[in-house]
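The values are calculated or read from the model by the stated rules, or taken from the named source; none is laboratory data. Model, not experiment: these values are computed from the prediction. Note that we place each Cβ from the backbone using ideal geometry, even for glycine, and neighbour counts take in every protein chain shown. The area values use the complete protein model at the heavy-atom level, side chains included, leaving out ligands, DNA and RNA. Shrake-Rupley method; radii C 1.70, N 1.55, O 1.52, S 1.80 Å.
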Amino acid sequence: MRWRITASILAVLSLGFLSVSLVTGIGGAAPFYAWGFGLTPLSAGFAAMISFIGFVVVRFAAVQMRDEHEGKRFHCWLTAVLAAILFTAVSDHFLLFWLGWVSVSLSLHRLLLFYPERPRAQLAAHKKFIFARLAETSLGAALFGLWWQFDILHISELSATPLADSVSASLLGSASGSEWIAILLVIVALLKCAQLPMHGWLLQVVEAPTAVSALLHAGIINLGGFLLLQFSPLLTDAPVARWLLAVVAGISMLVAATVTMTRISVKVRLAWSTVAQMALMLVEISLGYYTLAALHLLAHSCYKAYAFLTSGSAVEQRERQRFVQLGLPPFAAVIGGVLAVVGLVTGFVMSTTQFDYVAPWLAVSLALGLWLSTMFERFRLSELVRAICAAAVWFGVYLVAVWALSQQLNFAATPYLWQLDVWICMVLLGITGVYLWLLYRPQSAHSSRLFVALNAGLYLDEWATRLTLSIWPLRTTKSQGVSS
């Protein structure tokens with residue numbers, strides 16, 4: 001009964017938050033602020049997404065924990081995590097936002113230790129505990145700095161609204177003074193999104209129940225991107241912070257995307273793909289594509305929740321075995337397909353929109369080109385035409401979704417940095433190059449050494465684990481429960 005009540009409440013909250021987001025966005029109604037909380041198109045939309053993901057996870061957990069002896073305890077902490085995320089999403093006052101952020105981490109710690117007898121679960125929770133304290137300290141310092149330097153206590157005062165024109169002008173006019181605050185917020189986002197080398201705990205939380213993994217990968221880890229979107233006015237004139245975000249997230253995307261190619265376990269592959277997807281979202285934010293990052297956050301949350309909750313399906317395994325038997329398309333066909341799609345997408349964008357950054361459209365072109373080139377060999381010509389039509393439809397859906405979100409969310413434009421564009425393009429080409437090298441030269445000596453190194457995650461997690469354990473040794477199971 002308690003599972004049904006929780007699911008029903010989350011369903012109602014999801015519809016309510018979604019309605020508020022649409023009314024305050026497309027409807028033109030003013031955002032609602034009261035008692036330190038705020039409902040804006042972004043905060044209400046994020047809360048609606050979390051409520052929907054929570055509804056799905058609770059329905060799944062009700063079945064998974066039906067015969068579990070500690071099912072009641074799991075329900076209590078799962079509800080606490082969801083309540084803390086929603087509290088954080090709608091908090092407008094700095095203190096409430098920070099308290100909600102801390103509450104999410106502490107309640108999640110209990111879920112990660114739901115099976116405290118598992119050594120990997122203890123290690124993951126221990127590393128997460130340390131990184132979370134670093135993130136909370138950095139976030140507290142950034143919020144305190146905003147209050148100390150600009151005398152503001154609410155997130156809404158950062159936005160370029162008529163009520164905050166004077167505050168926004170002071171922020172934009174004192175870019176050098178707010179640069180260190182933006183850097184602190186970037187560090188918080190990198191820690192929360194499990195970017196390299198602080199990513200190991202995310203790979204080891206698969207020891208927790210599947211519902212926890214789904215909620216973590218589909219909701220909680222997105223708080224880093226949500227944080228930067230909420231504080232996006234600070235990133236506008238903070239080139240150092242944007243560079244830090246682009247470099248760390250770009251390297252994380254390169255490593256995580258290539259490591260994913262070498263993993264066999266479904267859950268581990270999904271965990272590495274989460275690191276890569278979060279890195280891509282942070283890269284989009286560093287380029288100033290806030291609307292695209294919001295769309296990415298929404299799409300990734302829905303996909304990753306579905307992927308984790310269906311990770312045990314045997315259908316996916318049969319599909320993998322069926323496609324393994326198919327031959328690779330000719331290398332020339334792959335390169336030709338990629339170049340053709342790149343040219344088509346570039347021509348379309350240059351003729352219909354303002355062409356600034358190349359990297360986002362290069363990413364779309366490479367993905368579509370690689371996919372279409374494989375369709376040519378695996379199916380008949382009629383199937384290739386059908387795949388091209390499907391790609392065109394999805395590309396159109398993407399453009400419509402970006403346009404709709406741009407009408408819903410009002411983000412300020414950021415200055416163009418061509419160096420960032422070049423860096424991200426190099427990362428994307430590097431990922432594509434590694435993928436093609438491992439695909440077409442798997443037996444070469446260089447490929448074998450690269451495969452071993454990537455399969456080990458370049459040993460970054462081992463280094464981070466030794467460092468964290470040397471600073472704060474792992475306690476026993478009994479004391480670990482007390483330390484949370």
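So the values come out like this:
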{"item": "One residue from Glu117, Glu136 being of a type in the set (Asp, Glu), open to solvent by 10 Å² or more (accessible area, probe 1.4 Å), within 23 Å of the chain's Cα centre (by Cα) and farther than 13 Å from Val205 by Cβ", "result": "Glu136"}
{"item": "Single condition Ser382 does not satisfy, out of (1) small (Gly, Ala, Ser); (2) at pLDDT 80 or above; (3) out of contact with any helix residue (DSSP H, G or I) (no Cβ under 7 Å at 6 or more places or on another chain)", "result": "(2)"}
{"item": "Tally of residues being modelled with pLDDT of 80 or more, part of a loop (DSSP other than H, G, I, E, B) and open to solvent by 10 Å² or more (accessible area, probe 1.4 Å) across segment 172-195", "result": "0"}
{"item": "Any hit, segment 418-427, residues being exposed (fewer than 14 other Cβ atoms within 10 Å of the Cβ), within 26 Å of the chain's Cα centre (by Cα) and at pLDDT below 85", "result": "yes"}
{"item": "Filtered residues of segment 146-156 (kept if surrounded by fewer than 17 Cβ atoms within 10 Å (Cβ to Cβ) and in a helix (DSSP H, G or I))", "result": "Trp147, Trp148, Gln149"}
{"item": "Near pairs, Cβ below 7 angstrom, 6+ apart or cross-chain, from segment 140-154 (of a type in the set (Phe, Trp, Tyr)) to any residue that is open to solvent by 60 Å² or more (accessible area, probe 1.4 Å)", "result": "Trp147/Leu153"}
{"item": "Any chance Gly25 is within 24 Å of Leu78 (Cβ to Cβ) and of a type outside the set (Lys, Arg)", "result": "no"}
{"item": "Of all residues making up segment 430-442, the number that are without any contact (Cβ under 8 Å) to a residue 40 or more places away in the chain and closer than 16 Å to Val338 by Cβ", "result": "2"}
{"item": "Hits in segment 91-114 - residues which are assigned to a helix (DSSP H, G or I) and open to solvent by 20 Å² or more (accessible area, probe 1.4 Å)", "result": "Leu95, Leu96, Trp98, Leu99, Val102, Ser103, Leu106, Arg110"}
{"item": "The lone exception for Pro442 - which of (1) assigned to a loop (DSSP other than H, G, I, E, B); (2) within 22 Å of Leu228 (Cβ to Cβ) it fails", "result": "(2)"}
{"item": "Counted residues, segment 209-229 - those being at pLDDT below 85 and open to solvent by less than 10 Å² (accessible area, probe 1.4 Å)", "result": "1"}
{"item": "Lone qualifier among Ser91, Ser51 - being at pLDDT 95 or above and touching a Ser or Thr at 6+ places or on another chain (Cβ under 6 Å)", "result": "Ser51"}
{"item": "Check on Ala293, of a type in the set (Gly, Ala, Ser), open to solvent by 20 Å² or more (accessible area, probe 1.4 Å), in a helix (DSSP H, G or I) and touching a residue at least 24 places away in the same chain (Cβ under 8 Å)", "result": "no"}
{"item": "Checking Ile152 against (1) over 16 Å from Leu227 (Cβ atoms); (2) at pLDDT below 90, the condition it does not meet", "result": "(2)"}
{"item": "Cβ pairs under 7 Å, 6+ apart, first in segment 403-421 and among the hydroxyl-bearing types (Ser, Thr, Tyr), second surrounded by fewer than 18 Cβ atoms within 10 Å (Cβ to Cβ)", "result": "Tyr416/Asp356"}
{"item": "Pair list, Cβ under 7 Å, 6 or more apart: segment 12-36 residue modelled with pLDDT of 90 or more and outside any strand (DSSP E or B), other residue open to solvent by 60 Å² or more (accessible area, probe 1.4 Å) and not hydroxyl-bearing (Ser, Thr, Tyr)", "result": "Ser14/Phe52"}
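One line per residue, one yes/no per condition, for (1) under 18 Å from the mean Cα position of the chain (by Cα); (2) open to solvent by 30 Å² or more (accessible area, probe 1.4 Å); (3) closer than 22 Å to Ala299 by Cα; (4) not aliphatic (A, V, I, L, M):
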residue: Gly27; (1), (2), (3), (4): no, yes, no, yes
residue: Pro31; (1), (2), (3), (4): no, yes, no, yes
residue: Phe37; (1), (2), (3), (4): no, yes, no, yes
residue: Ser43; (1), (2), (3), (4): yes, no, yes, yes
residue: Val63; (1), (2), (3), (4): no, yes, no, no
residue: Ile85; (1), (2), (3), (4): yes, no, yes, no
